[in-house]
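Remarks on the structure that follows.
The values are calculated or read from the model by the stated rules, or taken from the named source; none is laboratory data. Keep in mind that this is a model prediction, so the values were computed, not measured. A quick note on method: Cβ atoms are made from the backbone with ideal geometry, for glycine too, and the neighbour counts reach across all protein chains shown.
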Amino acid sequence: MQRKKIITSAFSNLYTDQRIEKVCRTLHENGYEIDLIGNDWNGAEEMSRPYSFSRIKLISKSLKTAYFEFNWKLYHELKKRADENTILHANDVDALLPNYLIAKKLNIPLVFDSHEIFSEMPAIQGKMSQKLWRYLEKKLIPDMKFMITASGSYAKWFKKNYHVDPIVIQNAPRRFEFDHEIQENNPKILLYQGAINPFRGIDKAILAMKHLDNVIFKIAGFGPKKEEYQELVIQENLQDKVQFIGKFKPENLRDITIAADCGMSIEENGGESYFYSLPNKVLDCIQARVPLILSGLPELQHIKDQFDVGEIIKDHEPESIAAAIQKVLDKGRINYQSELEKAANTLCWENEEVKLLQVFEQAAMSF
């Protein structure tokens, strides 16, 4: 059977979106012709991919108008590029409507990948835009025949709210054969990697450093809260204990992760999208065989119940965070290795991509 063309689209500059990269690469390596469409919002850094990609140029100055502009232009791009031999692949609700309309117009399959619960993201809580995204979700998602999402908790939420049954494809990294000698750092290194956004527990972890000795907190990433948290460090006189080390390319970040003694994913309940998430950083640390402190959110508790990869914080008080960090450091990274190894063998992209290929095979056979 001839492999079909897949047009993948996302409101993204594509450069740092590891999920889209893994999905497209897997499909490309399995014989599909990939045409990836993003945009140049927040820059368009040079990148190299083994499949076709392009970025829609946006002139909007605000994110709100950029969403409208992108959807309008994406519709016209899909209209030009799609035919009866195409599978459309929309990433998140902010790229769904043009794909939905073209799929209906041409009677071709659409695979929808919801990386999060878009209408429940913290940034839009209580805003007019939340009503708009909820309206789109209610209108479009119940009609999705082929849907995937990034966590089991997300899948349950979508099933409860929109009566769909998504396939869970976790955003796990590719399996990493760990042959590094584990170094004893002095001082010990606590690592946060990811966007410096609200509800990530970063500010609480900064304050926790007041209760720890011989530990450096390294923050790798960039985001809207960076300046505020830098000011907090100065205000609390913690400059010798907290370092903002910048944003790294995905291929360089692993070297930073591997060198840490303890990672962290202590997200707070900033709305249902956060509450039910499985952050990438958890699976990245597991592949790097680094134990973590975790908040007791459902997906994080589920991993801890399966594999002893670290410690759950009692609450988000700085003293509780410090106690969990100290417990991990006292036990020692070396003593978490057997459980981290088991988790790394299970929670890897090689296991997830099997399910991904099945979804696209079903979509290809549906017409």
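In this structure, does residue 15 turn out to be in the same structural domain as residue 145 (by TED's automatic domain parsing) and closer than 27 Å to residue 138 by Cβ?
So residue 15 does not fit the description; no.
Quick check on the stretch 223-272: of everything there that is in a helix (DSSP H, G or I) and of a type in the set (S, T, N, Q), which residue is surrounded by the most Cβ atoms within 10 Å (Cβ to Cβ)?
257
In the stretch 343-351, is there at least one residue being hydroxyl-bearing (Ser, Thr, Tyr), modelled with pLDDT of 95 or more and surrounded by fewer than 17 Cβ atoms within 10 Å (Cβ to Cβ)?
Within the stretch 343-351 (the criterion being hydroxyl-bearing (Ser, Thr, Tyr), modelled with pLDDT of 95 or more and surrounded by fewer than 17 Cβ atoms within 10 Å (Cβ to Cβ)), the answer is yes, since at least one residue qualifies.
Considering only the stretch 30-66, state which residues are surrounded by 12 or more Cβ atoms within 10 Å (Cβ to Cβ), farther than 18 Å from residue 16 by Cα and of a type in the set (S, T, N, Q).
30, 60, 65
What single numbered condition from (1) over 29 Å from residue 131 (Cβ atoms); (2) touching a residue at least 40 places away in the same chain (Cβ under 8 Å); (3) surrounded by fewer than 20 Cβ atoms within 10 Å (Cβ to Cβ) fails to hold for residue 77?
(1)
Could you pull out the residue among 119, 114 that is closer than 21 Å to residue 25 by Cβ and either in contact (Cβ under 8 Å) with a residue 12 or more places away in the chain or buried (at least 18 other Cβ atoms within 10 Å of the Cβ) (or both)?
114
Could you tell me whether any residue of the stretch 359-366 is in the same structural domain as residue 204 (by TED's automatic domain parsing) and among the aromatic types (Phe, Trp, Tyr)?
Scanning the stretch 359-366, I find no residue that is in the same structural domain as residue 204 (by TED's automatic domain parsing) and among the aromatic types (Phe, Trp, Tyr), so the answer is no.
Conditions tested, residue by residue: (1) under 27 Å from residue 357 (Cβ atoms); (2) part of a helix (DSSP H, G or I).
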| residue | (1), (2) |
| --- | --- |
| 60 | no, no |
| 65 | no, yes |
| 68 | no, yes |
| 77 | yes, yes |
| 80 | no, yes |
| 89 | yes, no |
| 94 | yes, yes |
| 98 | yes, yes |
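Among 310, 270, 296, which is in the same structural domain as residue 220 (by TED's automatic domain parsing) and on the phi > 0 side of the Ramachandran plot?
Going through 310, 270, 296 in turn, just one is in the same structural domain as residue 220 (by TED's automatic domain parsing) and on the phi > 0 side of the Ramachandran plot: 310.
Name the residues in the stretch 133-155 that are under 16 Å from residue 271 (Cβ atoms) and assigned to a helix (DSSP H, G or I), would you?
Hits for the stretch 133-155 are 133, 134, 137, 153, 154.
From (1) in a helix (DSSP H, G or I); (2) surrounded by 16 or more Cβ atoms within 10 Å (Cβ to Cβ), pick out the condition that doesn't hold for residue 217.
Unmet condition: (1).
Here's the yes/no breakdown for (1) surrounded by fewer than 18 Cβ atoms within 10 Å (Cβ to Cβ); (2) not in a helix (DSSP H, G or I):
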site: 281; (1), (2): no, no
site: 284; (1), (2): no, no
site: 341; (1), (2): yes, no
site: 355; (1), (2): yes, no
site: 359; (1), (2): no, no
site: 367; (1), (2): yes, yes
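Looking only at the stretch 122-157, filter to residues that are farther than 22 Å from residue 89 by Cα and of a type in the set (A, V, I, L, M, F, W, C); which one of those is surrounded by the most Cβ atoms within 10 Å (Cβ to Cβ)?
124
Can you tell me which residue among 197, 161 is within 20 Å of residue 299 (Cα to Cα) and outside the structural domain of residue 264 (by TED's automatic domain parsing)?
161
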